[in-house]
Every structure is written in structure tokens, then in C-alpha cells.
Amino acid sequence: MSASIPSSPATRRGAAPRPSAPSRLRYTLTQLGVLALVIVCLVLVDANWARLLEAPALSLNYGGLMVQGVVQNPFSEPYSQYWMDAILLMLESLQIAWIGTVIGALFSFPIGFLAASNVSPRGVVIATRQILNIIRAVPELVLAIAIMLPIFGLGPLAGALAIGVGSIGTLGKLTSEAIEAVPTGPGEATRSSGARTLQTLRWAVTPQILPEVIAFWLYRFEINIRASAILGILGAGGVGSLLAQVFERRDWERIGITLTVIIVVTVIVDQISGAVRHRVISGVPVTGAKAIV
């Protein structure tokens, strides 16, 4: 005779019914809606998608033409002059990006305090944030074409000012968010000791946000390097002006040399800036494998 299995307390009391699985109807409808939106965009953009099939062959062809200039002896004429022109104009682009970043940093830092809700009145915060939104909504290209170039003419000054104004919008917003995220303890302790508002901002808020804000400035500098190269195509100085000329002439060897200089310099600046950001934020120098991340 087989032994009977004793019933558990849950079995004796009656097990609770298993809950039904949640409906996936909303999730499925959302996916279908996103897919339909993508299809509509692909149709309305009216692009010749069949040409994508030609892209691999064309990329290899033009890439080979550009590589021919890069592999030539850089000390022989005329390639030595090609490399020198690209390097000098890339340095000019770095100068444009640096001046634009300095302009953006100087103006965005006080504006960030005006846009922070925890240190400024509500009316000032709303007005300042709307100004920053307007600045961010206007690309550097539009600033250069519509404002800077007509006023200052062709040259690096127009590019630097366009980048500087564009940087104010982004850096001002990031600075205000960093201010709003600071702990309230140091500020309360400073005010309880008799400090005024400006003294509280100077000694309790600024030291907490400064490492993060400096990291924002460095990151924006990297972005401005790329922006300065694009603005140069419009006549705002820098290596972009050279790119416009060589692309117009279809001089693929010089295009390859110029793009190589842009890529190498950008990567070097990115590595240096990343190491500095890490040191500013964490206070520990980057060594070994972390230095190339």
C-alpha cells in the first residue's frame, strides 16, 4: 500500500488563484505605432534608397583615391605643402574652437546661476531658461550665416563668435542643472554663520559644481572643434575652408590628407581632454588602460 502524501497547509486551506498575465496589447500597439511612424518617414523623405546598394563600391573607389595622397612621401613636393596647409588650418580651427569655448564658458557660468531654480527667483529663472532655449534652438551654422558673417565678414572671428554664442545655450543649461543638484547642507551651514547670498554662492555652491562644470567646458571644446571645421566651409576660417576648396576641385589626394589631419588632431585632443576631465572630476590621474578609454 502506497504511503499517502500529506497535504500542505496551503492545499488544505485552498490555494489562491494564479494571477492572470498582464495584457501586452498596449506594448504591441506602441511598437506598431513606432514602426508605422518610421515607415511614413522613410516614404516622405523621398530618398533614392536604391543608391545605397552602390555605396560600398563607391566608398572603396573614393577611399582608395584619398589613400593615395596619404601614403605619398610627406616630405616631397607638392605633398609637403599639402600637409603643411592642412596642419596650419587645423591649428586655426583649434584656435577658433578654443576662443568660442572660452566665450561660452565666461558667459554661461553666471547665466547658469540665473537659470537655477534653487538660487534665483522664479521669474528670473523662467526668463533665463527661455533665452537659453532660443540660443540652443539656433544651430551654429545659422548663427554664422544670418548674424556673424554679415556683421564681421568672412574669417575666423565670425566662426569663433558663432561657436561662442552657441556654446552659451548648452553650457548655461548644464551649469544650472549642476547647481540645482548640489546638496543643501553646505549652503545652510554658510547662511547660518551669517553669510550673504553672494557669499553663499561663492563658498558653498561654486566649489561643489566647479569640477563638473569644468568637465562640461572641456567636452564642449571637443564638440566645438568639429563645429569649427564645418563653419570653415562657409568661409568662417579654419580647415573647413580648405575642405570646401578641395571638394570643389575633386582633389581626392588632398581630401585624404586633410581628413587625416582632422581625424588625428581630433583624436589627440579627445584623449587629452578625457584625461583632464577624469583628473578634474575624480582627482586621480589616468594611467594604463584607462588612459585610452
Just the accessible area for MET84, please: 1.4 Å probe, Å², rounded to the nearest 10? 90
What whole number of Å gives the distance from the Cα centroid of the range 202-266 to the Cα centroid of the range 131-201? 19
Hey, if you put +1 on the Cβ of every Lys and Arg and -1 on every Asp and Glu Cβ in the chain, which of THR101, VAL70, VAL124 ends up farthest toward the positive end of that dipole? VAL124
Under a 1.4 Å probe, counting only protein heavy atoms, VAL124 has an accessible area in Å², nearest 10, of 60
Have a look at VAL45, VAL125, VAL267 and tell me which one the Gaussian network model of the chain (Cα, springs below 10 Å) gives the largest fluctuation. VAL45
Regarding the range 35-79, what whole-number volume in Å³ per residue does the convex hull of its Cα atoms give? 114
Could you grab the Rg to Rh ratio for the range 226-277? Cα atoms only, Kirkwood for Rh. 1.07
For the range 20-160, shape from the Cα gyration tensor axes a ≥ b ≥ c, cut at a/c of 1.5 then a/b versus b/c, turns out oblate
Global size of the chain as Cα Rg and Dmax, reported in angstrom: 28.6, 104
When the Karplus curve 6.51 cos²θ - 1.76 cosθ + 1.60 is applied with θ = phi - 60°, which whole-Hz ³J(HN,Hα) does each residue of the range 194-203 get, with x for Gly and Pro? x, 6, 7, 4, 5, 5, 5, 5, 6, 9
Given a 1.4 angstrom probe, I'd like the percentage of the accessible area of the chain that is carbon and sulfur, rounded to a whole number. 68
Which one of ALA146, LEU242, PHE113 is farthest out on the positive end of the charge dipole of the chain, using unit charges on Cβ (Lys, Arg +1; Asp, Glu -1) and the Cα centre as origin? PHE113
For the chain, what does the helix formula give at 222 nm: sum of -39500 (n - 2.57) over DSSP H segments with n ≥ 4, over the residue count, nearest 500 deg cm²/dmol? -23500 deg cm²/dmol
What size of dipole, in debye to the nearest 20, comes out for the range 118-255 about its Cα centre when the only charges are +1 on Lys and Arg C-beta atoms and -1 on Asp and Glu C-beta atoms? 300
Whole number in Å², please: accessible area per residue of the chain, 1.4 Å probe, ligands, DNA and RNA not counted. 63
Dipole axis of the chain (+1 Lys, Arg; -1 Asp, Glu on Cβ), positive-most option in SER228, PHE216, ALA57: PHE216
Report the residue, chosen from ALA227, ALA36, ALA127, that carries the largest GNM mean-square fluctuation when the chain is represented by alpha-carbon nodes joined by springs under 10 Å. ALA36
Convert each backbone phi in the range 99-107 into a coupling constant with the Karplus relation 6.51 cos²θ - 1.76 cosθ + 1.60 (shift: θ = phi - 60°), then list the ³J(HN,Hα) values in order as whole Hz, x for Gly and Pro. 5, x, 5, 4, 4, x, 5, 5, 7
Convex hull volume of the range 214-253 per residue (C-alpha atoms, cubic angstrom): 61
Estimated dipole of the chain in Debye, rounded to 20 [Cβ of Lys and Arg +1, of Asp and Glu -1, Cα centre]: 1660
Across THR197, THR184, THR28, the residue with the highest GNM fluctuation in the chain (Cα network, 10 Å cutoff) is THR28
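The values are calculated or read from the model by the stated rules, or taken from the named source; none is laboratory data. What you are looking at is a predicted structure, and each value in this text was computed from that prediction instead of being measured. Note that we place each Cβ from the backbone using ideal geometry, even for glycine, and neighbour counts take in every protein chain shown. Areas reflect the complete protein model, heavy atoms only, side chains present, ligands, DNA and RNA absent. Shrake-Rupley method; radii C 1.70, N 1.55, O 1.52, S 1.80 Å.
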